[in-house]
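All remarks here apply to the structure that follows.
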Amino acid sequence: MQPLTLSKVAVRCGILALILFVVVVIALKFGAVPVSLYGLAKDLIGVLIGRSSDISSEYGMIIREIRLPRIALGIFVGASLSVAGTSFQALLRNPLADPYVLGVSYGAAVGSVLALIIEPHLALRPEIAAVFTPLGGFIGATLTIAAVYLLGRYHGDIDSKTLLLSGVIVGSFFSAMILLLITMLPSSSTRGVVYWLMGDLSTPMPPVLGWVLRTGFFAGFALIYLTASDLNLLLAGEKEAMHLGVDVKKVQLVVYLAASALTGLAVSVSGSIGYVGLIVPHVMRMIFGTDYRMLLPASAFGGAIAVVIADTMARTVAAPSELGVGAVTAIVGAPLFIYLLRRRLA
Amino acid sequence: MARGTVVERGTQDGSRTNADTRLSVEQVSYAYSPNPSQAPIFTLEATSFQVKPGEIVAVLGPNASGKSTVLKLIAGALQPLSGRILMNGAETHLMEPRARAQRIAMVQQESPLLFPAKVWEFVLQGRHPHGKSLRFENDGDVAIAKNALLQVGADHLTDRWMDEISGGEKQRVILARALAQQPALLLLDEPTLHLDIGAQVDFLHTLKKLTNVNKYAVVIVTHELNLAGEYADQVVLMQKGKCLRVGTPASVYQRDLLEQVFQTQLTVEQRVNGRPKVSVVESSE
């Protein structure tokens, strides 16, 4: 009988952080301008431990201005989606739940596509135009979260089955709306929308959005992690959890809002990157077990690693053309998921 | 009123309440309606009984008699329409969930786990109420969980997966998790439902021993008349939301009454140990 301890969690997270660092260094190397892997790693460690203040000037600008922001975006989007998926699997007591199961991504997509349609007619200032589409996405996500919550209540409280059904229906409705909106777009804009629907990290993001994403991730993760012990009990059912001292309704509300907000934030800035929030939690569960006190941070690191790798593949496999990162996660994720499913059934 | 005295439906039996009483169900009623604007589809009429430390009370009755409703009310999961349920002077449905789980443990019929867990992980869940929401178990928690497994005779299962052990073993492990909560009151909802007769006797024998040793107050809902007659100190007989009798098994197990409640022909014998034995009379048709 060796229960999980805080030090065990810290050591495992340290190992995962190291793997993420290695993946980031390798991802920074790939691209049109060649970069020395050894020199880059040395420079980054120097910056991290405070020994030097900047990356080598030979490739510093490309790393700082282009590759690193995109990788940072991938890290926070991947971590958000994966933590949201892990949370929804416990909240809905459904191993097939992912961040998009409650329709938030479709709501965000409708908001974003509407923003794409409206934006050319508004003559916005460039700094507002840059955040207009993500803002539309976030408003769409927020309205969806509210709608699904209101529809998913039973006798005033969240009911996981009603919530799931409401989310699926709301998602289907918005999915149909997206198709309708796409037919209204000029053909020149359709490609951009399709990329957004597949997931896309290539669009440069204004610093303020990066700040919102990072702050939102840490706040959402902290809120969910505080319920990690409760989520372990919720896996056994709402009644069981209640008899073991969990304030079930409160935990359900906190996790629903925080996980939905993580999804909304991620989808607003990157589109719908599929499979990460479904498969990463299962892979992490196979490696680290089902305890949410370990699983949540492991999923955050795992999601970050998965999206950084997928995005590196997306921008290098068919260079100079670029694939949608969501297409890469789907192509790799679908067979991997089938393998995991068969293994579970066996 | 002396222990074991038959209490007629709807009468006040608060006279048995004294300093020794751990649980006091006082004139509790409840009405269930799927929609607040509709008339209730089930009502529980005023029900009263008390449980002392070291005592097992079995709630008996046919399906839809209100047995599980009584248990949910005691557990604080439902709010009484009238009356009150006191545990050491505090109303159970007003307790904070964590404080309640430190005092009341529930053993339910086995519920499937979403993801497999080891037996020791499952039993350690019983320590959840004894700390903050986010907590890591310490050596004290481990010792309590190990002792709980030892007490129910399941210490050899510690490192097994929950989905690999038998139904009887699983019920023992679920009981161990309840013991790990270190409760004063144990509630059991048909804990032997899917067990063979040997495993049922084994389970109830362990429960009786633990109740005597640890002085738990125990309320058990069951359909097993003979096992309740054998192991319970008191029985509460219910029918269609009404509490018909409260008393010792020997005083409540009256042939006419049981036949009327269960709608079948029965015989009731007193065995040499004073406990009643109920048998079904074979129909001559």
Worksheet item: Measuring from label point to label point, each 7 Å out along Cα→Cβ, what is the B:SER166 to A:GLU65 span in nm?
Response: 7.4
Practice prompt. Any chance you could check the Cα centroid distance between the range B:236-285 and the range B:125-149 for me, in angstrom?
Written response: 42
Worksheet, complete the sentence: Here the residues of the range A:209-233 lying in the modelled label zone of B:ALA99, meaning backbone nitrogen under 13 Å from a point 7 Å along Cα-to-Cβ, are none
Discussion item. Suppose R0 equals 51 Å. What FRET efficiency, 1/(1 + (r/R0)^6) with r the Cβ-Cβ distance, do B:GLN260 and A:HIS155 give to the nearest 0.05?
Written reply: 0.90
Fill in: Distance in nm between pseudo-label sites at A:LEU96 and A:LEU185 (7 Å out along the Cβ direction from Cα)
2.9
Practice prompt. Quantify how strongly other chains surround peptide B:90-98 by giving the mean number of their Cβ atoms within 10 Å of each of its Cβ atoms.
Written response: 2
Discussion item. As a test, work out the antiparallel percent of DSSP beta bridges whose residues both lie in the protein assembly as shown, rounded to the nearest 5.
Written reply: 60
Worksheet entry | Amide H within-cut-off set for B:THR47, under 5 Å, with H built and near neighbours excluded | B:GLN27, B:VAL28, B:SER29
Fill in: Likely footprinting exposure, B:HIS223, B:HIS205, fewest C-beta neighbours within 10 Å first
B:HIS205, B:HIS223
Item to complete: Enter the per residue convex hull volume of the range A:1-119, computed from alpha-carbon coordinates, in Å³ rounded to the nearest integer.
Response: 181
Worksheet item: With all pairs of different alpha carbon atoms counted, what Kirkwood hydrodynamic radius in Å does chain A show?
Response: 20.8
Worksheet entry | Residues with amide H under 5 Å from that of B:GLY66, placed H, sequence gap 5 or more | B:GLY241
Practice prompt. Go from 0 up to the bin containing the longest alpha carbon distance in the range B:73-122, width 5 Å each, and give me the % of pairs per bin.
Written response: 4, 16, 24, 16, 14, 12, 8, 4, 1
Worksheet entry | chain B - share of DSSP beta bridges that are antiparallel (%, nearest 5) | 60
Item to complete: Treating cross-link reach as a plain straight distance, find the lysines whose alpha-carbon is under 16 Å from the alpha-carbon of B:LYS209, omitting any fewer than eight places away in the same chain.
Response: B:LYS52
Worksheet item: Which ³J(HN,Hα) values, rounded to whole Hz and listed in residue order, are derived for the range B:125-142 from phi using the Karplus coefficients 6.51, -1.76 and 1.60 in 6.51 cos²θ - 1.76 cosθ + 1.60 with θ = phi - 60°, glycine and proline given as x?
Response: 4, x, 8, 3, x, 8, x, 6, 4, 9, 9, 10, 5, 9, 4, x, 4, 4
Fill in: Neighbour net charge for B:HIS223 - beta-carbon separation under 10 angstrom, K R +1, D E -1
-1
Worksheet item: In sequence order, what are the phi-derived ³J(HN,Hα) couplings for the range A:243-259 according to the Karplus relation 6.51 cos²θ - 1.76 cosθ + 1.60 with θ = phi - 60°, rounded to whole Hz, with x for glycine and proline?
Response: 6, 9, x, 7, 7, 4, 5, 5, 5, 4, 5, 4, 5, 4, 5, 5, 5
Fill in: All lysines inside 19 Å of A:LYS42 as judged from Cα atoms, apart from same-chain residues fewer than 8 positions distant
A:LYS29
Worksheet item: Taking the Cα atoms only, what angle lies between the long axis of helix B:167-180 and the longest principal axis of chain B, rounded to 10 degrees?
Response: 80
Item to complete: Return the calculated 222 nm mean residue ellipticity for the protein assembly as shown, to the nearest 500 deg cm²/dmol, obtained by summing -39500 (n - 2.57) across DSSP H runs with n ≥ 4 and dividing by the residue count.
Response: -17500 deg cm²/dmol
Worksheet, complete the sentence: Listed with the fewest Cβ neighbours within 10 Å leading, A:SER321, B:SER29 appear as A:SER321, B:SER29
Fill in: 5 angstrom amide H check on B:MET238, placed H, neighbours 5+ away
B:LEU60, B:GLY61, B:LEU244
Discussion item. Tell me the relative contact order for the range A:96-180 as a rounded percent, counting alpha carbon contacts under 8 Å between residues six or more apart.
Written reply: 42
Worksheet, complete the sentence: Residue-ordered couplings for the range A:108-117, obtained by feeding phi - 60° into the Karplus form 6.51 cos²θ - 1.76 cosθ + 1.60 and rounding to whole Hz (Gly and Pro as x), are 5, 5, 4, x, 5, 5, 4, 4, 4, 6
Discussion item. Cut-off is 10 Å between beta-carbons; in what order do B:CYS243, A:CYS13 appear when sorted fewest neighbours first?
Written reply: A:CYS13, B:CYS243
Discussion item. Place a point 7 Å from the Cα of B:ALA39 along the Cα-to-Cβ direction; which residues of the range B:221-247 have their backbone N under 19 Å from it?
Written reply: B:240-242
Worksheet item: In nm, to one decimal, how far is the B:THR267 label point from the A:VAL332 one, both placed 7 Å along Cα→Cβ?
Response: 7.5
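FYI, it's all coordinate maths here, none of it is from the lab. Note that this is a predicted model, so its numbers are computed, not measured. Reconstructed Cβ throughout: ideal geometry from the backbone, glycine too, with neighbour counts over all protein chains shown.
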